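Asker: One structure is given below, represented as structure tokens, and several questions about it will come after.
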Amino acid sequence: MNTTTDEQQFTELYRQHYADVSAYVRRRIDADQVTDIVAEVFATAWRRLDEIPRRAVLPWLYGVARRTLANAHRSNRRRLNLLEALGVEPAHQVSDHAEAVVQRHHIARAFEALSDQDQETLRLSLWEELSASNAAKTLGCSTATYQVRLHRARKRLRTRLAAAPSGPAVTTGIPAGQTHERGWGGADA
């Protein structure tokens, strides 16, 4: 490939056919995209200069333009579909989770400060979600005894949480009457 001759051939091709290709593209796409599409057509012509039929240069350029326009239309359609899909999605807000992390830390520390028996009683109820009778069987005691242990363990945990440095926000983590809640205390509790 002789670069000088190729450059001259391409320059002549560009001069002769730029206006026709530009008009072809302009009639088929928004004005703000014409320059980019025409540039892509001539970039393809430069890359495939040896493949352009000498007796049908303009039809060949129109064919490249047609395929380039088809790609642009598909891209525009995908972009619009994405924008439409994002428009119906609810806005996601990312909140600061630092307070929740601190709260979980205080809950975990209060939980760790409980006796092993209190911890196990709470775990069976809250993590394993066992009924009082099944939890009592697991611990080898009566259902009534288990319920008393659970009540006392919750009370001791609430007392420890109330004494935690973060104050009232932490105490809301364990409602007084709740028997089956997962998620508090963290993986290290």
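Asker: Could you tell me which numbered condition LEU49 fails, if it satisfies all but one of (1) open to solvent by less than 100 Å² (accessible area, probe 1.4 Å); (2) touching a residue at least 60 places away in the same chain (Cβ under 8 Å)?
Answerer: (2)
Asker: Checking the condition among the β-branched types (Val, Ile, Thr) and within 22 Å of ASP6 (Cβ to Cβ), which residue from VAL25, VAL21 passes? I'd like the intermediate steps shown before the answer.
Answerer: Values: VAL25 fails: within 22 Å of ASP6 (Cβ to Cβ).
Selected residue: VAL21, the only one of VAL25, VAL21 that is among the β-branched types (Val, Ile, Thr) and within 22 Å of ASP6 (Cβ to Cβ).
Asker: Please state which of the following conditions THR4 fails to meet, knowing it meets all the rest: (1) assigned to a helix (DSSP H, G or I); (2) in contact (Cβ under 8 Å) with a residue 24 or more places away in the chain.
Answerer: (2)
Asker: With the requirement that a residue be closer than 19 Å to ARG77 by Cα and among the hydrophobic types (A, V, I, L, M, F, W, C), what does the range 26-57 give you?
Answerer: ILE29, ALA31, VAL34, ILE37
Asker: Here's a follow-up. Output the residues belonging to the range 101-127 that are open to solvent by 50 Å² or more (accessible area, probe 1.4 Å) and within 31 Å of the chain's Cα centre (by Cα).
Answerer: Listed by number, the residues that qualify are VAL101, VAL102, ARG104, HIS105, TRP127.
Asker: Still on this structure: Of the conditions (1) in contact (Cβ under 8 Å) with a residue 40 or more places away in the chain; (2) open to solvent by less than 80 Å² (accessible area, probe 1.4 Å), ARG28 satisfies every one except a single condition; which number is it?
Answerer: Of the numbered conditions (1) in contact (Cβ under 8 Å) with a residue 40 or more places away in the chain; (2) open to solvent by less than 80 Å² (accessible area, probe 1.4 Å), the odd one out for ARG28 is (2).
Asker: Return the residue satisfying two criteria in turn: it lies in the range 8-25 and is surrounded by 15 or more Cβ atoms within 10 Å (Cβ to Cβ) and in contact (Cβ under 8 Å) with a residue 40 or more places away in the chain, and of such residues it is farthest from HIS73 (Cα to Cα).
Answerer: Within the range 8-25, the match that is farthest from HIS73 (Cα to Cα) is GLN9.
Asker: Additional query: Tell me, please, whether a residue that is open to solvent by less than 50 Å² (accessible area, probe 1.4 Å), modelled with pLDDT under 90 and either among the small types (Gly, Ala, Ser) or not in a helix (DSSP H, G or I) (or both) can be found in the range 155-165. Write out each step before concluding.
Answerer: Residues of the range 155-165 that are open to solvent by less than 50 Å² (accessible area, probe 1.4 Å), as a first pass: 157, 161, 164.
From what's left, modelled with pLDDT under 90: 161, 164.
Remaining after also requiring either among the small types (Gly, Ala, Ser) or not in a helix (DSSP H, G or I) (or both): 164.
For the range 155-165, residues open to solvent by less than 50 Å² (accessible area, probe 1.4 Å), modelled with pLDDT under 90 and either among the small types (Gly, Ala, Ser) or not in a helix (DSSP H, G or I) (or both): present.
The values are calculated or read from the model by the stated rules, or taken from the named source; none is laboratory data. As the structure is a prediction and not an experimental result, all values here were calculated from the model. Quick reminder, even Gly has a Cβ in these numbers, built from the backbone with ideal geometry, and neighbours come from all protein chains shown. Side chains included, ligands, DNA and RNA excluded: accessible areas come from the protein's heavy atoms. Shrake-Rupley method; radii C 1.70, N 1.55, O 1.52, S 1.80 Å.
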